[in-house]
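Notes follow the structure.
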Amino acid sequence: WQNFVDEGLTGDPNNGGAISSEIFQAKLYWGTANTNGVGADLWQTDGKTMEAIVTDGFGSEENSVISSLSTFGSFLYAGVGNINGNIQVWRSANGQDWKQVYFTDETLLGVVNSLEVYREHLYLVMENYLSGVEVWRTRNGIQWEQVGFDGFGDPNNQTIFFDNGTTIYRDGLYIPTMSWMGGEVWK
């Protein structure tokens, strides 16, 4: 093993870690968690050098977590968590220029979300500490519809573990939840 990046992703000790990743247009992207009031970062590499693409939480220091990244169509999508409990989705056609395409107007939802492409839709799964996990989807990246409600019928299913558990397997979309009553997996 060889250390590729250290010191909190190129010198920022507030970057708690690279918690999401995605390959887009032959580059590897990482989203970070940075809860120290400066906003999350988005980094890219060609395998040799690192470059900061976003260093200010997409313009808001309250956007503390880029907890998911996904390629859908010809865009790279970033699922962003805000310390006020709002979830946002941003997208870019070139990895450099970003536009917000989704924003929850609710508060106290949480910051953790995941993005997964399944059957010609991009799915957004997000924690909700009030009523349970929510699932939204889009076919065009702009218009979203809710397809999963209230922790799948159990408001104790309040959260997911970032983007790493939501996955596709044998033509099914699997979503694991975390609960104080015990974790569950939904298909």
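The values are calculated or read from the model by the stated rules, or taken from the named source; none is laboratory data. Since we're looking at a predicted model, the values are computed, not measured. Note: ideal-geometry Cβ built from the backbone for every residue, glycine included; neighbour counts use all protein chains shown. These area figures cover heavy atoms from the full protein model, side chains too; ligands, DNA and RNA do not enter into them. Shrake-Rupley method; radii C 1.70, N 1.55, O 1.52, S 1.80 Å.
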Mean accessible surface per residue for the chain, computed with a 1.4 Å probe while every protein chain stays in place, in Å²:
51
Counting all C-alpha pairs of segment 86-177, share separated by more than 16 Å (%):
54
Estimated inter-spin distance, Asp154 and Met50, nm [label 7 Å along Cα→Cβ]
3.9
Which one of Gln100, Gln143, Gln158 has the biggest mean-square fluctuation once the chain is modelled by GNM with Cα springs under 10 Å?
Gln143
Magnitude of the Cβ-charge dipole of segment 55-187, K/R +1 and D/E -1, about the Cα centre, nearest 20 debye?
440
Given unit charges at Cβ for Lys, Arg (+) and Asp, Glu (-), the dipole magnitude of segment 1-130 about its Cα centre in debye, nearest 20, is 360
Expressed in nanometres to one decimal, the distance between label points 7 Å along Cα→Cβ at Ser21 and Ile83 is 2.8
If the chain between Asn3 and Tyr129 were fully stretched, how many nm would it gain, using 0.36 nm times the residue separation less the Cα-Cα distance?
41.6 nm
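Got the relative contact order for the chain handy, in percent, Cα pairs under 8 Å and 6 or more residues apart?
12
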Carbon and sulfur together cover what percent of the accessible area of the chain at a 1.4 Å probe radius?
51
Selected from Asn157, Thr138, Gly183, residue furthest toward positive end of dipole (segment 130-187; charges at beta carbon)
Thr138
Size of the dipole of segment 127-185 about the Cα centre, Lys and Arg at +1 and Asp and Glu at -1 on the beta carbon, nothing else charged, in debye to 20?
180
Got a sec to turn the phi values of segment 134-142 into Karplus ³J(HN,Hα) couplings, 6.51 cos²θ - 1.76 cosθ + 1.60 with θ = phi - 60°, whole Hz, x for Gly and Pro?
10, 10, 10, 8, 9, 9, 10, x, 10
If each of Gln100 and Glu120 carries a label point 7 Å out from its Cα toward its Cβ, how far apart are those two points in nm?
3.1
